[in-house]
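Step one of this worksheet: look at the structure below.
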Amino acid sequence: MAEYNPIEMRGNEDSNRRSESGKRAAGGNRGPYQAKPLVSVIMASYNHGKTIEQAIRSIVAQEYERKEIIVIDGGSTDGTEDILRKYSASIDYWVSEPDEGVYYALNKGIDLARGEWLYFLGADDILADRAVFRDFFSVPRVSKILYGNVIWRSSGSIYGGKFTKRELCRRNICQQAIFYRRELFQDLGKFDTRYPLHADWVFNMNAFAKRDTNPVFLDRTVAVYSTEGMSGKRIDPVFRGERGKLVRDLFGFQYSVCVKICPPFEYWFRLDRQHILWVTAILRALITGNASVAGCRFCCRKTLFVKASGHAGGGQCIYCKNSPAEEPDNVRDTGRLP
């Protein structure tokens, strides 16, 4: 499956090639005022011809009328543009032209969005069911961030749960699980493109550091997330180098200490039943040899992967409990992770 190159310009075969269409480009208007908020769904794509149709259909199928779809394509050459033309009647705006990477594309989508709430869906991801938007926006929300869980497509396991500042220091909320109020980007700015893979993690840290963000967690699945995409395969070297300083500057010194020292102790000494069972599984894996050390591409640290006896995969990271799509050696980072 094709994936982003976050460093080089996407679609640089012809830097002057540009196509655009959609309801907005055809002269569609905003329509009358509605009480329910407008949700802008922003997708960035590049050579996702095999998966983008399914992603678009999962948005169109939502049982929530107040939505708009914006697709920023990086000049795909695999037939993606033909699919976008096919759904021009459902897509409010799409453009296909070379750009400098995924977060440049998402920032372009933010500028074009008209919604009160913004949501980012990967071109190889899908919304979990038809009622996602309805469940999140059927009642007024005072928060600036709403989030839930995602399902890893590779393993079927659920990733998410409620996040605190300390939890966000260790792992990120999956981008496909979050709805952002538009004004948050007006307050904090858009995604910092210096971070090729984890600009959304940096943005989430800044958002959680604001006192008036008031993040709200809804314990329901938002999307099915593909670990085959860009952020699922690599570790962001810029984020890795600046992570400690980001945590210290945004949350305080005590949180940076927790990132460096406390997590291993938390896993050994928390006394709730679920963690006791998990620690027991870790000890059993260490004894039987079903554990390995590698760099986790999701929580961006050198960590221990534990797998059940006889399991063929790479196991679960003891921090984020993600089951990677490949063996840990395939994503191992040569540098020291924080």
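Can you say whether THR213 is among the polar types (S, T, N, Q), touching a Phe, Trp or Tyr at 6+ places or on another chain (Cβ under 7 Å), surrounded by fewer than 20 Cβ atoms within 10 Å (Cβ to Cβ) and under 24 Å from TRP117 (Cα atoms), as far as the supplied structure shows?
no
Just the residues that are in contact with an Asp or Glu (Cβ under 7 Å, 6 or more places away or on another chain), touching a residue at least 60 places away in the same chain (Cβ under 8 Å) and assigned to a helix (DSSP H, G or I), please, taken from region 189-210.
The one that is in contact with an Asp or Glu (Cβ under 7 Å, 6 or more places away or on another chain), touching a residue at least 60 places away in the same chain (Cβ under 8 Å) and assigned to a helix (DSSP H, G or I): ALA199.
Give just the number: which of (1) surrounded by fewer than 14 Cβ atoms within 10 Å (Cβ to Cβ); (2) within 17 Å of the chain's Cα centre (by Cα) does VAL142 not satisfy?
(2)
Count, please, the residues in region 102-140 that happen to be assigned to a helix (DSSP H, G or I), among the acidic types (Asp, Glu) and closer than 30 Å to GLY75 by Cα.
Of the residues in region 102-140, 1 are assigned to a helix (DSSP H, G or I), among the acidic types (Asp, Glu) and closer than 30 Å to GLY75 by Cα.
Here's the yes/no breakdown for (1) touching a strand residue (DSSP E or B) at 6+ places or on another chain (Cβ under 6 Å); (2) surrounded by 21 or more Cβ atoms within 10 Å (Cβ to Cβ); (3) part of a loop (DSSP other than H, G, I, E, B):
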site: GLY148; (1), (2), (3): yes, yes, no
site: SER155; (1), (2), (3): no, no, yes
site: GLU183; (1), (2), (3): no, no, no
site: ASP187; (1), (2), (3): no, no, no
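Out of everything in region 157-181 that is in a helix (DSSP H, G or I) and either in contact with a Lys or Arg (Cβ under 6 Å, 6 or more places away or on another chain) or of a type outside the set (S, T, N, Q) (or both), what residue ends up being surrounded by the most Cβ atoms within 10 Å (Cβ to Cβ)?
My answer is CYS169.
Determine, yes or no, whether SER143 is farther than 28 Å from GLY49 by Cβ, hydroxyl-bearing (Ser, Thr, Tyr) and either in a loop (DSSP other than H, G, I, E, B) or modelled with pLDDT under 95 (or both).
yes
Which numbered condition trips up GLN54, out of (1) surrounded by fewer than 21 Cβ atoms within 10 Å (Cβ to Cβ); (2) under 12 Å from SER19 (Cβ atoms)?
(2)
If a residue has to be modelled with pLDDT of 95 or more and within 13 Å of GLU20 (Cβ to Cβ) to count, how many in region 67-80 make the cut?
The qualifying residues number 4.
Suppose we filter ALA44, ALA26 for residues that are within 21 Å of ILE110 (Cα to Cα), at pLDDT below 95 and hydrophobic (A, V, I, L, M, F, W, C); which single one remains?
Of ALA44, ALA26, the one residue that is within 21 Å of ILE110 (Cα to Cα), at pLDDT below 95 and hydrophobic (A, V, I, L, M, F, W, C) is ALA26.
Tell me which residues, restricted to region 73-96, are farther than 25 Å from THR221 by Cα and surrounded by fewer than 19 Cβ atoms within 10 Å (Cβ to Cβ).
THR77, ASP78, GLY79, ASP82, ARG85, LYS86, SER88, ALA89
May I ask you to list the residues in region 221-241 that are at pLDDT 95 or above and in contact with a helix residue (DSSP H, G or I) (Cβ under 6 Å, 6 or more places away or on another chain)?
Those that are at pLDDT 95 or above and in contact with a helix residue (DSSP H, G or I) (Cβ under 6 Å, 6 or more places away or on another chain): VAL222, ALA223.
The values are calculated or read from the model by the stated rules, or taken from the named source; none is laboratory data. The structure displayed is predicted, hence computed values, not measured ones. Cβ atoms come from the backbone with ideal geometry, glycine included; neighbour counts cover every protein chain shown.
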